[in-house]
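Enquirer: Pasting a structure below so you can have a look.
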Amino acid sequence: MRWWDIDPVFVLEKELFPDDAWSRGMFWSELAHARGPLATRRYVVAMDGDRLVGYAGLAASGDLADVQTIAVARDHWGTGLGARLLTDLLRAATAFECPEVMLEVRVDNTRAQKLYERFGFAPIGFRRGYYQPGNVDALVMRRTDPSTPATGVQGTEIHG
């Protein structure tokens, strides 16, 4: 993800997460830590031709990585794009030398939970009222080995 991706990312963010969307400033802040020799973030976008159809981000700190966000345009649900984005993030966790990857997912987002389970994430707890302003709980999940085989989706490119 680059600075010029923030506006289309923000449009998709508001469409998919209307109640608890990140601000443009939050994306700018994350990108500030995604480049250079001291980078602690990996943010990518998925393009279908000229259209941004997904994005994902990971933060690393010490030996722990955290999936910050994964989003896929509704018309690309079920295509494997979410799996491809997650694969990229897990490769980044390995590159950051993080043997453990954490994430939070809305308790009502069973589609995402199933994806994470397929990749070896296991539930370890809850964060009550984590997603605001809707006061929706988060399921906390962890994976202890971020290396995973690549999956492919034709017609969609992922760019850092």
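Enquirer: Order the peptides 5-13, 49-57 from the highest to the lowest mean number of other Cβ atoms within 10 Å of their residues.
Expert: On the way: 5-13: 17.3, 49-57: 18.9.
With the highest mean Cβ count within 10 Å placed first, the list reads 49-57, 5-13.
Enquirer: Taking the Cα of Asp63, stepping 7 Å toward and past its beta carbon, and measuring to each backbone N in the range 87-131: which are under 18 Å?
Expert: Inside the label zone: 93-103.
Enquirer: How many nm is it between the label spots at Asp145 and Ala32, if each spot is 7 Å from the Cα in line with the beta carbon?
Expert: Here the modelled spin labels are 3.8 nm apart.
Enquirer: Kirkwood hydrodynamic radius, computed over distinct alpha-carbon pairs, for the chain: how many Å, to one decimal? All intermediate terms of the calculation are to be shown ahead of the outcome.
Expert: Numbers: mean 1/r = 0.0631 Å⁻¹.
Hydrodynamic radius (Kirkwood, Cα only) of the chain equals 15.8 Å.
Enquirer: Here's a follow-up. Can you grab the distance from the C-alpha centre of the range 33-95 to the C-alpha centre of the range 108-134, Å, no decimals?
Expert: First find each Cα centre; the distance between them is then 17 Å.
Enquirer: Of all accessible surface on the chain at a 1.4 Å probe, what whole percent is carbon and sulfur?
Expert: Using a 1.4 Å probe with all protein chains present, the chain comes out at 51 percent carbon and sulfur.
Enquirer: Quick one: putting +1 on the C-beta of Lys and Arg, -1 on the C-beta of Asp and Glu, what dipole do you get for the chain around its Cα centre, in Debye to the nearest 20? Please list the in-between numbers first.
Expert: On the way: 18 positive and 21 negative charges, 28 e Å.
For this selection, approximately 140 debye.
Enquirer: Rounded to the nearest whole Å², what accessible area per residue is found for the chain with the 1.4 Å probe? The partial results should precede the final answer.
Expert: Numbers: 8430 Å² over 160 residues.
Per residue, the chain has 53 Å² of solvent-accessible surface.
Enquirer: How far apart, in nm, are the 7 Å Cα→Cβ label points at Glu97 and Ile124?
Expert: Computed distance between label sites Glu97 and Ile124 equals 2.0 nm.
Enquirer: Modelled label-to-label distance, Trp3 and Glu15, 7 Å Cα→beta-carbon offset: nm?
Expert: Modelled inter-label distance: 2.5 nm.
The values are calculated or read from the model by the stated rules, or taken from the named source; none is laboratory data. Because the structure is predicted, anything quoted here is derived from the model rather than measured. Glycine also receives a Cβ, built like all others from the backbone with ideal geometry; neighbour counts cover every protein chain displayed. Note: areas computed on protein heavy atoms with side chains; ligands, DNA, RNA excluded. Shrake-Rupley method; radii C 1.70, N 1.55, O 1.52, S 1.80 Å.
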